[in-house]
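The values are calculated or read from the model by the stated rules, or taken from the named source; none is laboratory data. Only a predicted model underlies this, so the values are computations on that prediction, with no experimental measurement involved. Ideal geometry is used to build each Cβ from the backbone, glycine not excepted, and the neighbour counts take in all protein chains shown. What goes into the accessible areas is simple: the full protein's heavy atoms, side chains included, and nothing from ligands, DNA or RNA. Shrake-Rupley method; radii C 1.70, N 1.55, O 1.52, S 1.80 Å.
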Amino acid sequence: MTESAESRWTHAGHGRPESAEPPPTTTAIAVGMQLPAGFIAIAEDAELGPAITTSMARVERVLREAISNSDPLADATSRHLMEAGGKRIRPLLTILASHLGDPDRAAVLQAAAVVELTHLATLYHDDVMDSAPYRRGAPTAHEVWGNTVAILAGDLIFARASILVSDLGGRALAIQARTFERLCLGQLHETVGPSEGEDPLQHYISVLSDKTGSLIAASGQFGVIFSGAPSEFEDVLVDYGEKVGVAFQLADDVIDVTGGKVTSGKIAGTDLREGVPTLPVLLLRRAAADGDASARRVLALVDADLSGDDALAAAVAAISAHPVTDQSWAVAREWADAAKAALEPLPEGVVKESLAAFADAVVERQA
């Protein structure tokens, strides 16, 4: 008997393992859901708060269904990071932006799931490249199953995101493809570093814009498009997303060298140890080149062998105490303020207020 296309597709992966427990209800997910810092105005709004929470719970169910796989190994590896938690910032921005139009359109939830699946997939790949032992407090996939399985799990999640976005039409597919291209280019450019004659700081900001800003921008853009909100709001959310994404990553990089333990599970100074050029180090090198003797002393610690914990701790303490750390926070704040300024054309209300508050929150956190 000839196997039908539908059965071949199910065999290829869709569906849950027979041993899997039934997924939780939307109500159960919503009850346990907490909005991230910066979205207090939503939680306190009697109408918008429950609407956002319910929509996010529905997105969570879409995510669980999208990554479920009839193959037990594929199912376990795909669910690994999603079940470890996460702030779900990107789908939240999609849902929030959709309230500029009609948030009840089914495509909004699907688009929100697409951006989170894309983000999750990049984390699998990033952790392999960074040899990160933990993510969201749990062992990374490559630590559990090895690099090859972790990379393939990320690829599988990318594939599921592509399936979902293909149902949303050609424009959504084009936005997703361009965003995916920028994610890859950002990682590539970070890996190879600035070209000869290129300003290292400009190169660094470009990397952040591609690796973080692009997907956050697409998240808000999807919310506008699929809610039928006024088209002029698209550019607003794209501009905001690019800028707030850079601010978010700048803050992460400063936190790395100020002694805080970031949510990715990296200990303070991980980027220093791995030789990743982040804003505090770039500013430190610029200051040293301009004749700052204190910057040169700190650089001697930063450029030393940091494989030992004591050497790493000394470098972290030195760079944290140097003025470049405050300068780095100031740069992050500038990007956050620029993101808030981009919101000016939006109508006054909780949506605009919440987006602005989130921009503040990303540069006010300490972990």
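Summary table
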{"quantity": "Using θ = phi - 60° and Karplus 6.51 cos²θ - 1.76 cosθ + 1.60, couplings along the stretch 337-347 (whole Hz; Gly, Pro as x)", "calculated": "5, 5, 5, 5, 5, 5, 7, 3, x, 6, x"}
{"quantity": "Under 26 Å, Cα to Cα: Lys pairs in the chain, sequence gap 8 or more or different chains", "calculated": "16"}
{"quantity": "Label-point gap, in nm, between GLU198 and LEU73 - each point 7 angstrom along Cα→Cβ", "calculated": "3.8 nm"}
{"quantity": "Viscosity 0.692 mPa s, 37 °C: Kirkwood-radius Stokes-Einstein D of the chain over Cα pairs, µm²/s", "calculated": "152 µm²/s"}
{"quantity": "Per residue, in Å², the accessible surface of the chain once ligands and nucleic acids are set aside, probe 1.4 Å", "calculated": "46 Å²"}
{"quantity": "Listed residues ILE151, ALA304, GLY269: farthest to the positive end of the dipole of the chain (Cβ charges)", "calculated": "ILE151"}
{"quantity": "Dipole-positive endmost among ALA66, LEU282, ILE225 within the chain (Cβ charges, Cα centre)", "calculated": "ALA66"}
{"quantity": "Derived scalar couplings ³J(HN,Hα) [the stretch 311-319; Karplus, 6.51 cos²θ - 1.76 cosθ + 1.60; whole Hz; x for Gly, Pro]", "calculated": "5, 5, 4, 5, 5, 4, 5, 5, 6"}
{"quantity": "Rel. contact order, % - alpha carbon contacts under 8 angstrom, at least six apart, the stretch 115-213", "calculated": "22 percent"}
{"quantity": "³J(HN,Hα) computed for each position of the stretch 241-258 - Karplus, 6.51 cos²θ - 1.76 cosθ + 1.60, integer Hz, glycine/proline x", "calculated": "x, 4, 6, 5, x, 5, 4, 4, 6, 4, 4, 4, 5, 6, 4, 4, 10, 10"}
{"quantity": "Simple label model, 7 Å out from Cα along Cβ direction - GLU65 to ASP303, nm", "calculated": "5.7 nm"}
{"quantity": "Theoretical FRET efficiency, 1/(1+(r/R0)^6), r = Cβ-Cβ of ALA313 and GLU181, R0 45 Å, to 0.05", "calculated": "0.70"}
{"quantity": "Neighbour-limited loop hits for GluC sites (Glu not before Pro), the stretch 160-207 (at most 12 other Cβ within 10 Å; DSSP other than H, G, I, E, B)", "calculated": "GLU196, GLU198"}
{"quantity": "Rough spin-label spacing in nm, given labels placed 7 Å along Cα→Cβ, for GLU334 and GLU364", "calculated": "2.2 nm"}
{"quantity": "Leading residue at positive end of dipole, the chain (Cβ point charges), from ALA121, VAL238, VAL316", "calculated": "ALA121"}
{"quantity": "Fraction of accessible area attributable to carbon and sulfur, the chain (%, probe 1.4 Å)", "calculated": "54 percent"}
